[in-house]
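The values are calculated or read from the model by the stated rules, or taken from the named source; none is laboratory data. The model shown is predicted, which means the values in this text are computed figures rather than measured ones. Using ideal geometry, Cβ is built from the backbone for each residue, glycine included, and neighbour counts are taken over all protein chains shown. When the accessible area is computed, the model is the full protein with side chains, heavy atoms only, and any ligands, DNA or RNA have been set aside. Shrake-Rupley method; radii C 1.70, N 1.55, O 1.52, S 1.80 Å.
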Protein chains: 2
Amino acid sequence: MSIENISVNKSFGGWHKQYSHHSSALNCKMQFAIYLPPQVSSGNKVPVLYWLSGLTCTDENFMQKAGAQRIAAELGIAIVAPDTSPRGDGVANDNAYDLGQGAGFYVNATEMPWSKHYQMYDYVVNELPELIESAFPVSDKRAIAGHSMGGLGALNIGMLNPLRYSSMSAFSPISNPVNCPWGQKAFTTYLGKDKSTWLNYDASELMKQATQFVPAKVDQGESDNFLVEQLKPEALQAAASASGYPLDYQLHEGYDHSYYFIASFIEDHLRFHATHLKK
Amino acid sequence: MSIENISVNKSFGGWHKQYSHHSSALNCKMQFAIYLPPQVSSGNKVPVLYWLSGLTCTDENFMQKAGAQRIAAELGIAIVAPDTSPRGDGVANDNAYDLGQGAGFYVNATEMPWSKHYQMYDYVVNELPELIESAFPVSDKRAIAGHSMGGLGALNIGMLNPLRYSSMSAFSPISNPVNCPWGQKAFTTYLGKDKSTWLNYDASELMKQATQFVPAKVDQGESDNFLVEQLKPEALQAAASASGYPLDYQLHEGYDHSYYFIASFIEDHLRFHATHLKK
């Protein structure tokens, strides 16, 4: 597994770096970003927070806009931001912003032509951590977080792999994709018309069925334009109540779906993850 | 003077807002962003930091990438980010990134066709503050800061108006534009071939001649690709020594010209300005 460095920026005493590599899970060239906190320069292995971005994003949005490096540097946590889908000329795509490149939904597609490249679940759960843990001074302590489509991905991946992640969190997740337009469109396309297969990637369904618990934190803006039609946090709350899942859910008056919301509360998320990563 | 709201995002308990308005100084429609800290909701008038961005930027770069809102919210400071030049189909332009739209250099152009719109000095010093102070709950306490081309603008504007600004600061300013390619190209174009007129906008020249002092802070990355050819901080340091100007200049090992550098040290700049704004 070879990786190629694209950029390096010093940031809060640590380093923001971008790399490209060939992904065997996705069958294409991929790019990711990593923030390495200053603690790694003294030979320490640090835990890793994986950040999954939302529709249309790349590895850059979170690193440029969330302001997470300050707190990661204080806490000694690395952050890895993958892209949101496979990319490239040979990769299936769609003109819509909510399907195809930039909209992988962190699932393993089963429908042609998508299944050839759209295996984001495998990439994020297996291939990328293996690569990160072999190439960088990081431990095998992992947490996962994300925003919107990436919030859904983080919750799904955390709940499907409770032994791999110390904690999970989401901003404004697509909480019940089988019942919203974004999810129905993506899942029909990537997974086919048999809705029983969709339930494997529905955070509310997984939370309702859960018996092993990963500490979970979700924050949602009350003025989010997508709240009612697409995000449906009430389904996630009901699921947590049904299974007794330890979900810390908070609604924030006046905040929207943007990175201004994420930046305002990312410190809380990093401190939450640090508590569990350092146990 | 009417302004039109374009967007609102809640951020750290305050509000990031974008507006458009007709600028009479620039003779075109302009856009700016303002961050209003939470303190304004209790009827307080807060001081204002004007942020001048660098080449190719708009009102958005600083607001999205610097992470300044957290500290502005704590300190009770508003931040105003204007665009970096006049804009629009009828406004003179150039294909190069370092001339024309996105590259106004915060000067009053005297050469045709530029002089019709490129009056960024007047816009930033007079028209914009007048508009801000009439439309928002802010006081007439002002500070000014910027990056690269905007760092030059902030230092020039601060030194040319020592009674209007409590303090000034810059990240990686173009310190001696009359002696670097960016400055020579822009000043030849906007101000003409008579180099004596350029000296009015050369921060090192102004600092050397200064007799009234504005508290000044400059931070520079040692790994900045533009350091030697374009930025020339040694000229500014020599000028400060010559006039006894109170310049706090710091060079930071490993940091580059990007917003990752600005984000790492913006807290220091805001606390520096707060000290002087609240005197």
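Considering only the range A:1-25, how many residues are under 18 Å from residue B:222 (Cβ atoms) and hydrophobic (A, V, I, L, M, F, W, C)? Explain how you work it out, then say what you get.
Applying the first criterion (under 18 Å from residue B:222 (Cβ atoms)) to the range A:1-25 yields A:7-16.
When the remaining residues are screened for being hydrophobic (A, V, I, L, M, F, W, C), the result is A:8, A:12, A:15.
Residues in the range A:1-25 being under 18 Å from residue B:222 (Cβ atoms) and hydrophobic (A, V, I, L, M, F, W, C): 3 in total.
Taking the stated definitions as given, is residue B:169 surrounded by 24 or more Cβ atoms within 10 Å (Cβ to Cβ) and hydroxyl-bearing (Ser, Thr, Tyr)?
On the way: surrounded by 24 or more Cβ atoms within 10 Å (Cβ to Cβ): yes; hydroxyl-bearing (Ser, Thr, Tyr): yes.
Considered against the rule, which asks whether it is surrounded by 24 or more Cβ atoms within 10 Å (Cβ to Cβ) and hydroxyl-bearing (Ser, Thr, Tyr), residue B:169 comes out as yes.
Looking at A:212, A:184, A:230, which one is within 27 Å of residue A:267 (Cβ to Cβ) and in contact with a Pro (Cβ under 9 Å, 6 or more places away or on another chain)? It would help to see each step written out before you state the result.
Numbers: A:212 fails: within 27 Å of residue A:267 (Cβ to Cβ); A:184 fails: within 27 Å of residue A:267 (Cβ to Cβ).
That would be A:230, the only listed residue that is within 27 Å of residue A:267 (Cβ to Cβ) and in contact with a Pro (Cβ under 9 Å, 6 or more places away or on another chain).
I'd like to know if the range A:178-187 contains one or more residues that are within 13 Å of the chain's Cα centre (by Cα) and not hydroxyl-bearing (Ser, Thr, Tyr). Talk me through it step by step, then tell me what you get.
Filtering the range A:178-187 for residues within 13 Å of the chain's Cα centre (by Cα) gives none.
No, the range A:178-187 contains no residue that is within 13 Å of the chain's Cα centre (by Cα) and not hydroxyl-bearing (Ser, Thr, Tyr).
Take the residues of the range B:190-212 that are surrounded by fewer than 19 Cβ atoms within 10 Å (Cβ to Cβ) and assigned to a helix (DSSP H, G or I): which is nearest to the chain's Cα centre (by Cα)?
Our first condition is that a residue be surrounded by fewer than 19 Cβ atoms within 10 Å (Cβ to Cβ); within the range B:190-212, this holds for B:192-197, B:199-200, B:208-209, B:211-212.
Filter again for assigned to a helix (DSSP H, G or I), leaving B:195-197, B:199-200, B:208-209.
Numbers: B:195: 23, B:196: 23, B:197: 21, B:199: 18, B:200: 16, B:208: 20, B:209: 21 Å.
That would be B:200.
So residue A:50 fits all but one of (1) buried (at least 22 other Cβ atoms within 10 Å of the Cβ); (2) within 14 Å of another protein chain (Cβ to nearest Cβ); (3) among the aromatic types (Phe, Trp, Tyr); (4) in a strand (DSSP E or B); what number is the exception?
(2)
Of all residues being of a type in the set (Gly, Ala, Ser) and part of a strand (DSSP E or B) in the range B:1-43, which is most open to solvent (accessible area, probe 1.4 Å)? Just the residue, please. Spell out how you get there, then give the answer.
Initial filter on the range B:1-43 (of a type in the set (Gly, Ala, Ser)): B:2, B:7, B:11, B:13-14, B:20, B:23-25, B:33, B:41-43.
Checking which are part of a strand (DSSP E or B) leaves us with B:7, B:11, B:14, B:20, B:23, B:33.
On the way: B:7: 27, B:11: 1, B:14: 0, B:20: 10, B:23: 0, B:33: 0 Å².
Within the range B:1-43, the match that is most open to solvent (accessible area, probe 1.4 Å) is B:7.
Quick check: anything in the range B:125-141 touching a residue at least 40 places away in the same chain (Cβ under 8 Å), basic (Lys, Arg), out of contact with any strand residue (DSSP E or B) (no Cβ under 8 Å at 6 or more places or on another chain) and on the phi < 0 side of the Ramachandran plot?
Within the range B:125-141, none of the residues are touching a residue at least 40 places away in the same chain (Cβ under 8 Å), basic (Lys, Arg), out of contact with any strand residue (DSSP E or B) (no Cβ under 8 Å at 6 or more places or on another chain) and on the phi < 0 side of the Ramachandran plot.
Inside the range A:243-263, can you point out the residues that are under 16 Å from residue B:38 (Cα atoms), assigned to a helix (DSSP H, G or I) and not small (Gly, Ala, Ser)?
Within the range A:243-263, A:260, A:261 qualify.
Among the numbered conditions (1) crowded, with 22+ Cβ neighbours inside 10 Å; (2) within 14 Å of chain B (Cβ to nearest Cβ), tell me where residue A:177 comes up short.
Every listed condition holds for residue A:177 apart from (2).
Check residue A:164 against each of (1) within 21 Å of residue A:31 (Cα to Cα); (2) open to solvent by 10 Å² or more (accessible area, probe 1.4 Å); (3) touching a strand residue (DSSP E or B) at 6+ places or on another chain (Cβ under 9 Å) and name the one condition it does not meet.
(1)
Scan the range A:226-256 for residues that are hydrophobic (A, V, I, L, M, F, W, C), open to solvent by 20 Å² or more (accessible area, probe 1.4 Å) and under 27 Å from residue A:166 (Cβ atoms) and jot them down. Please lay out each step first, then the result.
Here is the first cut: in the range A:226-256, the residues hydrophobic (A, V, I, L, M, F, W, C) are A:226-228, A:231, A:235-236, A:238-240, A:242, A:247, A:251.
Adding the requirement that they be open to solvent by 20 Å² or more (accessible area, probe 1.4 Å) leaves A:226-228, A:235, A:238, A:242, A:247, A:251.
Result: A:235, A:238, A:242, A:247, A:251.
Check B:134, B:85 and return the single one that is crowded, with 24+ Cβ neighbours inside 10 Å and hydroxyl-bearing (Ser, Thr, Tyr). Walk me through how you get there before you give the answer.
Numbers: B:134 fails: crowded, with 24+ Cβ neighbours inside 10 Å.
Of the residues listed, the single one that is crowded, with 24+ Cβ neighbours inside 10 Å and hydroxyl-bearing (Ser, Thr, Tyr) is B:85.
Consider the range B:228-264. How many of its residues are of a type outside the set (Gly, Ala, Ser) and within 14 Å of chain A (Cβ to nearest Cβ)?
Within the range B:228-264, the subset of a type outside the set (Gly, Ala, Ser) is B:228-234, B:236-237, B:245-253, B:255-257, B:259-262.
Still in the list and also within 14 Å of chain A (Cβ to nearest Cβ): B:251-253, B:255-257, B:259-262.
Residues in the range B:228-264 being of a type outside the set (Gly, Ala, Ser) and within 14 Å of chain A (Cβ to nearest Cβ): 10 in total.
Each row is one residue, and each column tells you yes or no for (1) more than 16 Å from the chain's Cα centre (by Cα); (2) within 14 Å of another protein chain (Cβ to nearest Cβ).
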{"position": "B:67", "(1), (2)": "yes, yes"}
{"position": "B:83", "(1), (2)": "no, no"}
{"position": "B:88", "(1), (2)": "yes, no"}
{"position": "B:97", "(1), (2)": "yes, no"}
{"position": "B:102", "(1), (2)": "no, no"}
